[in-house]
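First the structure, in the form of structure tokens, and then the observations on it.
The values are calculated or read from the model by the stated rules, or taken from the named source; none is laboratory data. The shown structure was predicted, so the numbers you read here are calculated from the model rather than taken from an experiment. Cβ: placed from backbone, ideal geometry, glycine included. Neighbour counts: every protein chain shown. Keep in mind that these areas ignore ligands, DNA and RNA; they rest on the heavy atoms of the full protein, side chains included. Shrake-Rupley method; radii C 1.70, N 1.55, O 1.52, S 1.80 Å.
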Amino acid sequence: MTPLEPVSLQTETLILRLLDEADLPAVYDIFSHPEVMRYWSYPPWTDRSQAQQWLIDVQEGYRTGDALQLGIERNADHVLVGTCTLFQFHVASRRAEIGYALGRPYWGSGYMHQALQALLRYAFQTLDLNRLEADIDPRNIASAKTLERLGFQKEGHLRERWIVNDEVSDTWLYGLLRREWQERSSVG
Ligand SMILES: CC(C)(COP(=O)(O)OP(=O)(O)OC[C@H]1O[C@@H](n2cnc3c(N)ncnc32)[C@H](O)[C@@H]1OP(=O)(O)O)[C@@H](O)C(=O)NCCC(=O)NCCS
């Protein structure tokens, strides 16, 4: 893909923006937390060097346009509360996947719903995507409810799709079409 334009998305209380070196301590807190990583595609980080390598990959994604991982910053105090991502772009099919993680102290705040509303708007309006997908562990109820509240539909159950630390898990695949999102947006 071609490089993505610099992105900064504003919501009522948050800003979604590119990540840099200064974010690494907050990012490490998020991705080293066992509860946050319980249903993730890799185990919790145990060493700060993993955050450094991760940032190299994230910034490579900005450069190539293959992935867009944004920090979710709270306007009031500039705390980085989480991240959300567009990745697995399929340009011809105008489709991508979303991923998201909120730091443990910020669960239950409504931040991710607000952040993903902005990310969906960016994906469907600015990037002109036609379809978004999400791959979640069926045991991850908070994630399933987050997607369903945004209008995603559960489209499939993929068996034994992941093995993380010897634990085998299934996938629920969710999808949201641009026209469905438009209908919901016009209703309010
Ligand atoms: C997924 C995530 C972003 C959701 O954000 P959150 O702030 O925790 O979500 P909420 O508190 O708004 O919960 C969403 C819903 O799930 C419900 N819920 C949350 N945890 C639950 C649980 N353990 N059992 C049953 N319901 C639960 C909430 O009551 C809420 O229901 P409602 O919409 O009917 O009010 C956050 O939990 C997270 O970052 N988890 C770790 C990373 C992760 O798993 N990311 C997704 C990978 S695909």
Inset, instruction - Using a 10 Å cut-off on Cβ atoms, rank the peptides 70-78, 7-15, 162-170, 98-106 from the highest mean neighbour count down. - result: 98-106, 70-78, 7-15, 162-170
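Is the C-alpha gyration tensor of the stretch 37-119 telling us rounded, prolate or oblate? Criteria: a/c under 1.5 is rounded; beyond that, a/b larger than b/c is prolate, otherwise oblate. The partial results should precede the final answer.
Details: a/c = 1.64, a/b = 1.19, b/c = 1.38.
Oblate is the answer for the stretch 37-119, as a/c is 1.5 or above yet b/c matches or exceeds a/b.
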Legend entry - Nitroxide proxy distance, nm - points 7 Å out along Cα→Cβ at Arg159 and Arg63: 4.3 nm
Legend entry - Virtual spin-label span in nm between His90 and Glu5, 7 Å along Cα→Cβ: 2.6 nm
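In nm, what is the difference between 0.36 nm times the number of residues separating Leu18 and Asn140 and their Cα-Cα distance? Could the numbers behind the result be given before it?
Values: separation 122, 0.36 × 122 = 43.92 nm, distance 2.68 nm.
Gain on extension, Leu18 to Asn140, equals 41.2 nm.
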Legend entry - Given charges at Cβ of Lys, Arg, Asp, Glu: the chain dipole, positive-most of Gly65, Ala92, Trp181: Trp181
Inset, instruction - Using a 1.4 angstrom probe, figure out how much accessible area the chain has per residue, in square angstrom, rounded to the nearest whole. - result: 54 Å²
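How many Å³ per residue does the convex hull of the Cα positions in the chain occupy? The partial results should precede the final answer.
Values: hull volume 22.5 nm³, N = 188.
Cα-based convex hull of the chain, divided per residue, equals 120 Å³.
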Inset, instruction - Pick out which of Tyr62, Tyr28, Tyr42 has the largest mean-square fluctuation in a Gaussian network model of the chain, springs linking Cα atoms closer than 10 Å. - result: Tyr42
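How many percent of DSSP beta bridges within the stretch 8-187 run antiparallel, rounded to 5? Kindly include the intermediate steps, with their values, before the conclusion.
Details: 35 of 38 bridges.
Around 90 percent of the beta bridges assigned by DSSP in the stretch 8-187 are antiparallel ones.
What does the highest-first list of 129-137, 44-52 look like by mean Cβ count within 10 Å?
Values: 129-137: 19.8, 44-52: 13.7.
For the peptides 129-137, 44-52, the packing ranking is 129-137, 44-52.
Taking all protein chains in place and a 1.4 Å probe, what share, in percent, of the accessible surface of the chain do carbon and sulfur account for? Intermediate values should be presented prior to the final figure.
Details: 4980 of 10200 Å².
Using a 1.4 Å probe with all protein chains present, the chain comes out at 49 percent carbon and sulfur.
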